[in-house]
1. What pairs in K118/K171; K170/K224; K24/K277; K79/K224 have C-alpha atoms more than 29 Å from each other?
2. What ranking do 132-144, 116-128 get when scored by the average of other Cβ atoms within 10 Å per residue, highest first?
3. May I ask which residue of I121, L194, G173 lies farthest towards the positive end of the charge dipole of the range 118-246, with charges of +1 (Lys, Arg) and -1 (Asp, Glu) on Cβ and the Cα centre as origin?
4. In the set [x] 33, 22, 17; [y] 38, 30, 15; [z] 42, 20, 16, which value of semi-axes √(5λ) of the Cα gyration tensor in Å was calculated from the structure you see?
5. Run the reach check for K63 against aspartates and glutamates, Cα to Cα strictly under 17 Å, same-chain hits fewer than 8 apart removed. What comes back?
6. Extending each Cα 7 Å along its Cβ direction at D91 and V284, get the distance between those two points in nm, one decimal.
7. Given an 8 Å cut-off on Cα distances and at least 6 residues of separation, report the relative contact order of the chain as a percent.
8. Using a 7 Å offset from the Cα along the Cα-to-Cβ direction at both E74 and H108, what is the distance between the two label points in nm, to one decimal?
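Each reported figure results from applying straightforward, stated rules to the coordinates on display, with no laboratory input. All values derive from a computational prediction rather than experimental measurement. Virtual Cβ from ideal backbone geometry, glycine too; neighbours counted across all protein chains shown.
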Amino acid sequence: MGSEIKAGGPMRVLVTGGSGLVGKAIEHVVQQEAGKLEGEEWIFLSSKDGDLVLTLSQRDNIKINDNVLQTAHEMGVTKVVSCLSSCIFPDKTTYPIDETMIHNGPPHDSNFGYSHAKRMIDVQNRAYFQQYGHRYTAVIPTNVFGPYDNFNIENGHVLSALINKTYKAKKDGTPVIVCGSGAPRRQFIYSLDLGRLIIWALREYKEIDPIILSVGEEDEVSIKEAVEMIANALDFKGEIHFDTTLSDGQMRKTASNAKLRRYLPNFTYTPLKEAIKMTCDWFVANYDIART
């Protein structure tokens, strides 16, 4: 149904995981960028009465996925947009990866369970469409970062963990120690850009097949380049060391955004340096409440 208004009441949009990185970005777009349409009621965190659902929560994935989609079916929800991850793609593949390659082989061992749980959303979406005609779909963002992210050095997203690590190194007068060689390359997408794209997918994207939400291949950067941008944003003048005794993980996960560009050829992404600077500024200003 997209953004169509239901007769007799508002079009309710329920966002699970609404207090996290992507949920907060969507809330910002809805509330501060005129992203809310007339007749819509956006509900963050929890509700049983959503007509449209964005599911962004990330723990116990198989149970969450099954419960959300089954409940959506039972409650007559018009559309569900689930959030997958680029780690679902096969470890051994050709590049750039695209939406047709998801089930072509096993994922990287470092994300085996999480990746398979996320893949099952695509399987379930197809099954609900075949059996009931439901328009449930999924988006696949690449590496997301931004305000309200998990900045924990041990288990946070790579860019946000490096922001915290660099901030602490500056405060303590110590070097920044980066895990691995710094050579792996990633496509980073700013959370507010992703929020805008997810809202577009909710209203306008009609396919059941998932769609990659990413910057272009030409915007891929190395971890070393990303750390240098962070150091510049935080005005860190100390040394940066790369611990090559630690694993690099996947060297690349280059994704094609050709499908997205066919729909949105003129969408403008926030430049990476600018997005990193805004995220660093938010982290410093909100250190006491940030997830560290």
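1. K118/K171; K79/K224
2. The peptides rank, most packed first, as 132-144, 116-128.
3. Final value for the positive-end residue is I121.
4. Given [x] 33, 22, 17; [y] 38, 30, 15; [z] 42, 20, 16, the structure-derived one carries the label [x].
5. Candidates past the 8-residue exclusion: E74, D122.
6. Result: 4.0 nm between the two label points.
7. Contact order relative to length: 20 percent.
8. Roughly 3.8 nm, to one decimal.
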